[in-house]
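To start, the structure under review is shown below, and the notes come after it.
The values are calculated or read from the model by the stated rules, or taken from the named source; none is laboratory data. As the structure is a computational prediction, the values presented were derived from the model and not from experiment. Cβ placement follows ideal geometry from the backbone for every residue including glycine, while neighbour counts extend to all protein chains displayed.
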Amino acid sequence: MHAFVKAAVFTMDGIRQRVRKEYRMLSKNRTKLFYMFTFPWIAGFILLTAGPMLYSLYLSFTDSTGFGAPQWIGLENYQKMFTEDPLFWKSMGNTLFYTLLSVPLSLVTGYLLAVLLNAKVKMIGIFRTIFYLPSIVPTVATSLLWTLIFQPNFGIANAVLDFFGLPTSMWLLSEQMVKPTLVIMSLWGIGGGMVIYLASLQEVPVTLYEAAELDGASTWNKFWNITVPITSPVIFFQLIMGLIGSLQVFTQAYVVSSGTGGPNYQSMFYVFYLYQQGFRFFNQGYGSALAWVLFVIVLVLTVFIFKFVGKQVYYEAGD
Amino acid sequence: MEIPQEALKTNKKLRSKKQANKLNRLLIYSLLISLSLLFIFPFLWMIFTAFKPENEAMAFPPSLLPKIWDWDNYKEVFEVVPFATFYKNSLLVAGLGTLGTVVSSSLVAYGFARIKAKGKGIWFALLLSTLMLPPQVTMIPVYVIWSKLGFVDTLVPLVLPAFLGNSYYIFLLRQFFRTIPKEVEESAYLDGANTFQIYWKLILPMSRASIITVTLLSFMGFWNDFMTPLIYLHSMEKYTLAIGVMQFQGALTVYWGPMMAASTLMLVPLIIIFFTGQKYFVQGIATQGNKG
């Protein structure tokens, strides 16, 4: 086999002579073989995704608590959710606030950072590493670290503000500031997205810039009319993933509030609430209903974004 | 000889352009350096606080460097909680989980990449849709399943699903497998190889870079996972580092020194992995966003 691998890799011409234009094995239907290769995932899909999804839909119409048989209660969970549960609306509002703040900010700062790190200067590699490193730190550790930094009494954040005579803040212990502070914390991790933008920026053909310069294009012109449109598929992808991700924000809020969702439920995000209902209070039926509402929201939002923002994305002809 | 006007004008333009370039570079460097310091600072704060005794960690005004390099916090981490056990559990989950992920995902990815079949399109569409599925929809029922099977408070629910493939990595590997020239495989078939041999002895060795990338990303994912251990692990000996590191955050007091020491210890393997596999990280993460 070893010799044939060498032959395959190093004498493509020889191979092409043997294999005719119409590929043989790879163009035949080998259905049974396909299912043999993919059965782990298909089994997983049925057992851990599709099946549970249907089961959770069923649970959402019951009062299941994990103890005793679940009783069918129809739409009662959903009814209660929309009319009698202020925390439902609070957690939804919290999540929306966080999403609307963090997604655009992360996108713009990550992209601009990538543009900066695309500069051809010496030792740029070291800088790229420095900005990427925070994104591999576990979310738990990051959250604990920032809790220390934002500690109102002896944290470095207030110390610096105080040094410059600026007003200090209670940060994560303040009802108004806890969510903005969480957004600030999330910006430490823009290195992850930055790397993706960077790769895309490096694929923009230099000739386009050169042609634009000949026509007298300014730096802004080049950026807005060449760089952004050509990298728009990646921006779009990051937008979707960022949106879906921030709608599920949980760990940071849990760690920072010591599992309380405070102060005064201001850091009780939707998934946090879902976790509390499903796994602390064991309201499995209600929790399932909450989960399905989230699913529908994400679905609708994704379709919406694809339809409206998707049109703005520029694709190379023949992509 | 008289220097023509044109040449003088061009010279001036070139000189001012050179100056503009120098200014540009100065600007870029100063921006880079100042932002980098901002980004590095939290790391330094974490590492240095781990060496401070508690009263110094909570001192105001705070100072960056510890007055004495006190290793007590690190000792405390291992004495107050079964931290070594946390480490072992994390290694177990991340190690086995990564193994399962890589083996199953590459197998399935090859099926999607190169085996034509009836209904394949539907399964692929389902694969793509799971990429955007919020995991919370299946969280509760999956817990109920594991609970009925008696596996709550064990590491099984954290590890076993990995052997059924990960949609994200299946997609990544499938994209890569499709870039391998078809002739290479067809030629192997003509030599009498069967599909599995081609997968095992031809495709996999040629895909080393992608597989290593998936291995690294997968390991990191398991290492950092918080919600799954939170849901399934209830007794302290089962905790992974993600949960273990939070033990220093009490209801009334927080033990900052040991907490930072624990966080640093949790971070160290990842830093090592990152620096040894650096090129795979960047390449792997970067390619997945690019094309459809």
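What number of residues within the range A:257-271 satisfy the criterion of being within 10 Å of chain B (Cβ to nearest Cβ) and under 23 Å from the mean Cα position of the chain (by Cα)?
So the answer is 3.
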TODO: Exactly one condition in (1) surrounded by 15 or more Cβ atoms within 10 Å (Cβ to Cβ); (2) aliphatic (A, V, I, L, M); (3) in the same structural domain as B:V214 (by TED's automatic domain parsing) is not met by B:M58; state its number.
DONE: (3)
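Which of the residues spanning the range B:103-132 are part of a loop (DSSP other than H, G, I, E, B) and more than 7 Å from chain A (Cβ to nearest Cβ)?
Of everything in the range B:103-132, just one residue is part of a loop (DSSP other than H, G, I, E, B) and more than 7 Å from chain A (Cβ to nearest Cβ), namely B:G119.
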- [ ] At least 1 residues that are closer than 30 Å to B:V142 by Cα and of a type in the set (A, V, I, L, M, F, W, C) in each: list the helices (runs of 4 or more DSSP H) lying fully within the range A:63-166 that qualify.
- [x] A:76-83, A:86-117, A:139-149
Open item on the list: Please count how many residues of the range A:83-128 are free of Cβ contacts under 8 Å to residues at least 12 places away in the same chain and among the small types (G, A, S).
Closed with: 3
Open item on the list: Six or more apart or on different chains, Cβ atoms under 7 Å: show the pairs whose first residue is in the range B:160-184 and in the same structural domain as B:T213 (by TED's automatic domain parsing) and whose second is of a type in the set (D, E, K, R).
Closed with: B:F177/B:R114; B:E183/A:R16
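Residue-by-condition table, conditions (1) within 21 Å of B:Q136 (Cβ to Cβ); (2) surrounded by 14 or more Cβ atoms within 10 Å (Cβ to Cβ):
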{"site": "A:L33", "(1), (2)": "no, yes"}
{"site": "A:P40", "(1), (2)": "no, yes"}
{"site": "A:I46", "(1), (2)": "yes, no"}
{"site": "A:P52", "(1), (2)": "yes, yes"}
{"site": "A:L57", "(1), (2)": "yes, yes"}
{"site": "A:T62", "(1), (2)": "yes, yes"}
{"site": "A:G66", "(1), (2)": "yes, yes"}
{"site": "A:Q71", "(1), (2)": "no, no"}
{"site": "A:M81", "(1), (2)": "yes, yes"}
TODO: Kindly check whether there is at least one residue in the range B:6-26 that is under 30 Å from A:I136 (Cβ atoms), within 14 Å of chain A (Cβ to nearest Cβ) and surrounded by 10 or more Cβ atoms within 10 Å (Cβ to Cβ).
DONE: yes
TODO: Read through the list (1) closer than 25 Å to A:D162 by Cα; (2) in contact with a helix residue (DSSP H, G or I) (Cβ under 7 Å, 6 or more places away or on another chain); (3) of a type outside the set (S, T, N, Q); (4) free of Cβ contacts under 8 Å to residues at least 24 places away in the same chain, then give the number of the only condition that B:L32 fails.
DONE: (1)
Open item on the list: Quick check on my filter: what residues within the range B:72-90 are farther than 14 Å from B:M260 by Cβ, among the polar types (S, T, N, Q) and surrounded by 23 or more Cβ atoms within 10 Å (Cβ to Cβ)?
Closed with: B:N89, B:S90
Task: Of all residues making up the range A:240-265, the number that are surrounded by fewer than 19 Cβ atoms within 10 Å (Cβ to Cβ), touching a residue at least 40 places away in the same chain (Cβ under 8 Å) and among the polar types (S, T, N, Q) - done: 1
- [ ] Please report, ordered by residue number, the helices (runs of 4 or more DSSP H) entirely within the range B:1-96 with at least 1 residues that are within 23 Å of the chain's Cα centre (by Cα) and modelled with pLDDT of 90 or more.
- [x] B:5-49
- [ ] Please report, ordered by residue number, the helices (runs of 4 or more DSSP H) entirely within the range B:154-212 with at least 2 residues that are at pLDDT 90 or above and closer than 14 Å to B:R114 by Cα.
- [x] B:167-177
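Kindly indicate the residue of the range B:110-137 that is β-branched (V, I, T) and surrounded by 19 or more Cβ atoms within 10 Å (Cβ to Cβ) and also nearest to A:G242 (Cα to Cα) among those meeting that condition.
Ranking the candidates gives B:T130 first.
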Open item on the list: Given the criteria without any contact (Cβ under 8 Å) to a residue 24 or more places away in the chain, more than 25 Å from B:F226 (Cα to Cα), within 13 Å of chain B (Cβ to nearest Cβ) and not aliphatic (A, V, I, L, M), does A:T168 qualify?
Closed with: yes
Task: Restricting the range A:110-146 to residues that are of a type in the set (S, T, N, Q) and in contact with a helix residue (DSSP H, G or I) (Cβ under 6 Å, 6 or more places away or on another chain), the residue that is surrounded by the most Cβ atoms within 10 Å (Cβ to Cβ) - done: A:S143
Task: Count - residues of the range B:149-170 that are away from chain A (no Cβ under 11 Å) and not polar (S, T, N, Q) - done: 8
